[in-house]
Amino acid sequence: KLHSDLDKGVGTVKYTLSGDGAGTVFTIDETTGDIHAIRSLDREEKPFYTLRAQAVDVDTKKPLEPESEFIIKVQDINDNEPKFLDGPYVASVPEMSPVGAYVLQVKATDADDPTYGNSARVVYSILQGQPYFSIDPKTGVIRTALPNMDREVKEQYQVLIQAKDMGGQLGGLAGTTTVNITLTDVNDNPPRFPKSIFHLKVPETSHVGSAIGRIRAVDPDFGKNAEIEYNIVPGDGGNLFDITTDEYTQEGIIKLKKPLDFETKKAYTFKVEASNLHLDHRFHSVGPFKDTATVKINVLDMDEPPVFSKPMYTMEVYEDTPVGTIIGAVTAQDLDAGSSSVRYFIDWKNDVDSYFTIDATEGTIATNELLDRESTAQYNFSIIASKVSNPLLTSKVNVIVNVLDVNEFPPEISVPYETSVCENAKPGQVIQTITAADKDLSPAGQRFSFKLSSEASNKPNFTVHDYRNNTAGIETRRNGYSRRQQELYFLPVVIEDSSYPVQSSTNTLTIRVCRCDSDGTIQSCNVEAIFLPVGLSTGALIAILLCIVILLVIVVLYVALRRQKKKDTLMTSKEDIRDNVIHYDDEGGGEEDTQAFDIGALRNPKVIEDNKTRRDIKPDTLRFPRHRPPAEDNTDIRDFINQRLKENDVDPSAPPYDSLATYAYEGNGSVAESLSSIDSLTTEADQDYDYLSDWGPRFKILADMFGEEESYNPDKVT
């Protein structure tokens, strides 16, 4: 309520209200000054309002007092329940944890005013989940309430938590949430075999390394706490087997380490131990975390292939041994209860295997061809043995045959076969040391001896000194040698080996006499050098050779130029007597044009009788000579032109254009007589050109020209 001291109660004062919520939340009676709330208030929405009030004169509208400000506070009531903003919760705690082990802390919030009354004081309690867990009423911390909770018994727990305000008193508001608690695993259980004895049956043909059976120990733990390691306890038969762990199923996989044989041993018994890999020291007092079981394996009898007495056979034979000689034998047996006979044969892979044969029943191996150690020193092939009762069951063994050497090749001189001696050599001088080589496989301690042949031992030129270490020296026996007298010496050397039978060979050593300086350095060994002047040096010889080469080049060039010049002269003379047929795209210059024909044809009338080819084109086909009848003296030029016209008409190589040949030769003895009009008794008007039309299409233009002149000549008498 607002009231002014100037208000006398006669209605002259008016009250106004402004500020937060004026007119919407609060209203004022203008006459009495009473303030009313026109809607519900919520402290959690707005805890207070700031308003301004003023008293004004009703008539003048002027303020009677200064404006005053006041605050309206909203008083809280318990109208909000506690809420778990982070719920529902998920938590975990290790199994076998002691009482009071921390699990989780929950928290509820109350929107009411914590400073006014108990509206915001929250108390926690468990509605569901006892007696396994407990909660602190004030802090909301959840802890274990029972000891040794076992995950293998129960893993999941759902706890219902309540938060109530007003300190938990009657009439307080409450909120709830759920907490899902999981017991995590610890290694508190050892592995256990479900049975004490495992029986397995294994065929004796099982391959080494193959899995022959599985056993399993059960561990109720989870994850790495359930990982199991299996081991074979040393004992009877355990050395033939091995065991590993399947990482997915945690089963023990028993594998074969060595081959089984039913005929040798039919059953094996050993123990297998299963233990955890990851141990928890808190549970050592429970007992050993391992278990033991017995495994009995029965070997099953199977039909097996034959077994060779050796894993590999090695034999020896001398080369050139006669075909059919037995060099050894292989043996295989059927070890099964019902023993079967065995058959042998060679595993053919290439042509090398054809050098030997085997007896199918006895297994003896013999040569099938002559052997040569120098060609092949060792043979390697396979023998297959199969059971007669079951040919599909086979076994294979490798056979190595070493070919032994027989002394069949004589020793020979190793390179070089040629040496030299100085002209100024002294007696007893070693000019070459020689060695020997033998194609045979030389045994240890092989010795070679060297000596001169009997026919050379009497000659006083050279001798052989055997050093007794498989080498020998060639020594001189004369004081100096002359190239002019003898340039080459041929020394026969006999070499013998120490094998049986003894082999020997005679080898010829070529010795060339050379010119040397005083130190024994060879200067020249060519026989041509004997006849050269002593004073000429190498540079002088090179200069002489260069001069000779230059003279030869000059002579060759001169001869080539003379040939070329002679060839050009012949070509020119030949062209003078050939017809020169030229075609034009326009009309020629008449008799003055003497460049387009060969005037030599008129100067020598006999030329027209020769067979000539055209010079303006290259003939594509081979043309046979054209035989023209000799032109008789005093024949008309018309007959001659007709003859040439016919020849050109039937000529397949003639070009498809008109060719006009002009003949301008004048003089006595011409076959065509004179073609000049100076001595002619007739005039141009007396000439008849109708015959041009009979010459064919090539003279059509010429016939039309002269025919028109004749038609329009006014002086012509018809």
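The values are calculated or read from the model by the stated rules, or taken from the named source; none is laboratory data. Computed from a predicted structure; not experimentally measured. Here the Cβ is made from the backbone with ideal geometry for all residues, glycine too, and neighbour counts use every protein chain on show. With ligands, DNA and RNA removed, areas are computed over all heavy atoms of the protein, side chains included. Shrake-Rupley method; radii C 1.70, N 1.55, O 1.52, S 1.80 Å.
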Of the residues that sit in region 132-141 and are within 15 Å of Ser97 (Cβ to Cβ) and not hydroxyl-bearing (Ser, Thr, Tyr), which one is least open to solvent (accessible area, probe 1.4 Å)?
Phe133
Restricting attention to region 457-466, which residues are open to solvent by less than 90 Å² (accessible area, probe 1.4 Å) and either free of Cβ contacts under 8 Å to residues at least 12 places away in the same chain or not hydroxyl-bearing (Ser, Thr, Tyr) (or both)?
Ser457, Pro460, Asn461, Phe462, Val464, His465, Asp466
Is region 241-255 home to any residue that is open to solvent by less than 40 Å² (accessible area, probe 1.4 Å) and at pLDDT below 85?
no
Residue among Val307, Val330, Val317, Val323 that alone is closer than 30 Å to Lys201 by Cβ and among the β-branched types (Val, Ile, Thr)
Val307
Output yes when any residue across region 20-32 is among the charged types (D, E, K, R), within 16 Å of Lys73 (Cα to Cα) and surrounded by 13 or more Cβ atoms within 10 Å (Cβ to Cβ), and no when none is.
yes
Among the candidates Pro305, Pro322, residue that is modelled with pLDDT of 90 or more, farther than 30 Å from Ala274 by Cβ, out of contact with any Pro (no Cβ under 7 Å at 6 or more places or on another chain) and part of a loop (DSSP other than H, G, I, E, B):
Pro322
Tell me yes or no: at least one residue of region 45-53 is under 27 Å from Ile142 (Cα atoms) and buried (at least 18 other Cβ atoms within 10 Å of the Cβ).
no
Quick check: is even one residue across region 276-292 surrounded by 13 or more Cβ atoms within 10 Å (Cβ to Cβ), over 25 Å from Asp188 (Cβ atoms) and at pLDDT 90 or above?
no
Identify, from the list Val56, Val74, the residue that is under 14 Å from Ser4 (Cα atoms), of a type in the set (Val, Ile, Thr) and surrounded by 14 or more Cβ atoms within 10 Å (Cβ to Cβ).
Val56
Selection from region 255-292 of residues aliphatic (A, V, I, L, M) and over 30 Å from Gln333 (Cβ atoms) yields Val272, Ala274, Leu277, Leu279, Val286
Every residue from region 142-184 that is open to solvent by 20 Å² or more (accessible area, probe 1.4 Å) and of a type in the set (A, V, I, L, M, F, W, C)
Ala145, Leu146, Val153, Leu160, Met166, Leu170, Leu173, Ala174
Selection count where residues are in a loop (DSSP other than H, G, I, E, B), in contact (Cβ under 8 Å) with a residue 60 or more places away in the chain and open to solvent by less than 50 Å² (accessible area, probe 1.4 Å), scope region 86-101:
2
Going through region 227-238 one residue at a time, which ones are among the small types (Gly, Ala, Ser) and modelled with pLDDT of 85 or more?
none
Tell me yes or no: at least one residue of region 117-135 is within 60 Å of the chain's Cα centre (by Cα), in a strand (DSSP E or B) and farther than 30 Å from Thr264 by Cα.
no
Looking only at region 244-269, count every residue that is touching a strand residue (DSSP E or B) at 6+ places or on another chain (Cβ under 6 Å) and under 18 Å from Pro203 (Cα atoms) and tell me the total.
11
